[in-house]
Amino acid sequence: MSRRAQMEMAKTSAGDLEVRAETFVSAARLEPLWRELEARSSRSFFLSWTWIGAWLETCGTNPVILAVYCQDRRVGLGLLVRGSRRQLGFRRPTLFLHETGEPAKDVAMIEDNGFLAERGFEKAVTRAALRHAYRADGAEIVMGGVPDWLTDEAREAGWRDRVIITRPCPYRVLDPSDSDDLAQLSRNTRSQISRSLRLYESRGNLAITPSATLGEAHDRLAAMADLHQQRWVAAGQPGAFALPIFAEFHQRVLTRGFATGVADVLRITAGADEIGYLYNFYCDNEVYAYQNGFQYAADQRLKPGLVSHLLAFAYYRRAGATRYRFLAGDSRYKRSLSTGSYDLHWLVLERDDWRRRAEVLARRLRARLAAARGSISATPVRLGCTGSRR
């Protein structure tokens with residue numbers, strides 16, 4: 001960053017920035033603008049062009065571009081898709097940040113969402129963009145997978161936020177000076193993994209290998225999807241790959257990301273036996289453990305998931321990674337392997353008008369009615385007693 005840019009950043013507030021709603025022409029036209037700003041940002045993988053470009057091409061959406069400028073230098077970008085949301089029986093006009101608002105198209109679920117911003121401008125860009133949206137548009141905004149601080153900026157911009165759900169995001173710090181990952185685990189987890197390692201090693205050498213070519217990476221993605229679906233369908237769940245658009249989207253992500261080393265499918269083996277696959281992203285020395293598929297056996301002592309992630313810790317540490325992120329969702333294996341966690345929020349930004357106040361009252365009324373019904377159903381019934389005097 002130049003000295004001039006550093007001085008501008010130090011004195012810039014949201015009020016000093018100019019926000020323009022620009023017309024989206026095509027992903028190809030937007031790509032160089034997005035990549036140029038991305039190179040000046042501390043973005044998450046989910047705000048990289050690898051993800052955003054694949055999303056635009058797969059969903060065929062036509063978003064509104066909110067571009068934020070500081071003295072004619074572009075310092076922020078965000079894509080808002082117009083749609084609607086049903087509330088109290090009515091359709092409310094809604095803007096969705098980097099999502100379509102259509103559940104069948106949003107199955108990939110973006111995380112670490114927000115506005116792409118130049119380093120140091122993250123909060124100022126967010127507040128300026130949301131203030132512009134508050135004043136210029138009557139729609140509410142749905143934002144999925146956003147960090148804690150974004151809600152503070154939304155309030156400063158005039159919005160009221162309503163959190164739909166909050167999910168923990170466990171992660172593991174990969175300390176380059178401490179490569180003994182087993183020693184950092186709980187006694188029970190360490191025992192399970194050590195026993196599983198011995199059983200797998202009896203079959204041959206344990207190995208974790210990257211894909212040699214893009215074609216091999218796509219073959220592995222398909223094999224992983226099959227294993228993933230087998231596991232979840234057997235458990236009575238549809239599985240992440242149930243909708244074809246999910247596979248189509250990730251084929252694009254993998255094609256875009258493989259050449260630059262930010263997306264790959266790792267294969268884990270014990271001798272000639274396959275243990276499973278890890279579909280991971282790698283961005284700014286951080287690993288995003290996005291999806292997986294494993295060969296489960298009748299022998300419950302074998303822990304393919306725990307062993308695969310343990311091998312991945314060492315693999316990525318050698319590559320220079322500093323954090324291994326398990327992404328949103330609470331699972332036992334995530335808690336067992338993580339060293340920390342943070343929260344992401346799925347929320348709605350609303351104006352404090354009569355419609356919002358009516359919705360708040362309606363939700364409270366529904367909650368009270370539900371509580372009353374529960375209380376009534378929990379009241380014991382005295383069989384054979386009419387309550388009348390004799």
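Side notes on the structure shown:
- Every condition in (1) outside any loop (DSSP other than H, G, I, E, B); (2) touching a residue at least 60 places away in the same chain (Cβ under 8 Å) is met by ASP152 except one, and the failing one is (2).
- Answer from VAL146, VAL81, VAL64, VAL75 - the residue that is in the same structural domain as VAL19 (by TED's automatic domain parsing) and touching a helix residue (DSSP H, G or I) at 6+ places or on another chain (Cβ under 8 Å): VAL75
- Among the criteria (1) hydroxyl-bearing (Ser, Thr, Tyr); (2) under 21 Å from PHE45 (Cα atoms); (3) at pLDDT below 95, the one SER338 does not fulfil is (3).
- For ALA212, the stated conditions do not hold, so it cannot be described as among the aliphatic types (A, V, I, L, M) and assigned to a helix (DSSP H, G or I).
- In the stretch 29-40, the residues that are on the phi < 0 side of the Ramachandran plot and modelled with pLDDT under 95 never reach a residue that is of a type in the set (S, T, N, Q) and surrounded by 12 or more Cβ atoms within 10 Å (Cβ to Cβ) with C-beta atoms less than 7 angstrom apart, at least six apart or across chains.
- Test: residue in the stretch 274-282 that is more than 17 Å from PHE326 (Cβ to Cβ) and at pLDDT 95 or above: yes
- Unmet requirement for MET9, which otherwise passes all of (1) out of contact with any His (no Cβ under 7 Å at 6 or more places or on another chain); (2) surrounded by 16 or more Cβ atoms within 10 Å (Cβ to Cβ); (3) modelled with pLDDT of 95 or more: (3)
- From the options GLY236, GLY329, residue that is in a loop (DSSP other than H, G, I, E, B) and either closer than 26 Å to ASP180 by Cβ or modelled with pLDDT under 95 (or both): GLY329
- Verdict on TYR279 being crowded, with 22+ Cβ neighbours inside 10 Å, touching a strand residue (DSSP E or B) at 6+ places or on another chain (Cβ under 6 Å) and closer than 13 Å to LEU266 by Cα: yes
- Test set (1) within 15 Å of GLU122 (Cα to Cα); (2) touching a Phe, Trp or Tyr at 6+ places or on another chain (Cβ under 8 Å); (3) not basic (Lys, Arg) - TYR69 fails condition number: (2)
- Condition broken by GLU248, with the remaining ones in (1) touching a helix residue (DSSP H, G or I) at 6+ places or on another chain (Cβ under 7 Å); (2) within 25 Å of THR61 (Cα to Cα); (3) crowded, with 16+ Cβ neighbours inside 10 Å satisfied: (3)
- The one condition in (1) more than 18 Å from the chain's Cα centre (by Cα); (2) more than 30 Å from ARG318 (Cβ to Cβ); (3) not in a helix (DSSP H, G or I) that SER179 fails to fulfil: (2)
- Subset of the stretch 139-149 (residues that are touching a residue at least 60 places away in the same chain (Cβ under 8 Å) and either within 20 Å of GLY101 (Cα to Cα) or assigned to a strand (DSSP E or B) (or both)): GLU140, ILE141, VAL142, MET143, GLY144, GLY145, VAL146, PRO147
The values are calculated or read from the model by the stated rules, or taken from the named source; none is laboratory data. Keep in mind the model is a prediction, meaning the values are calculated, not measured. Reconstructed Cβ throughout: ideal geometry from the backbone, glycine too, with neighbour counts over all protein chains shown.
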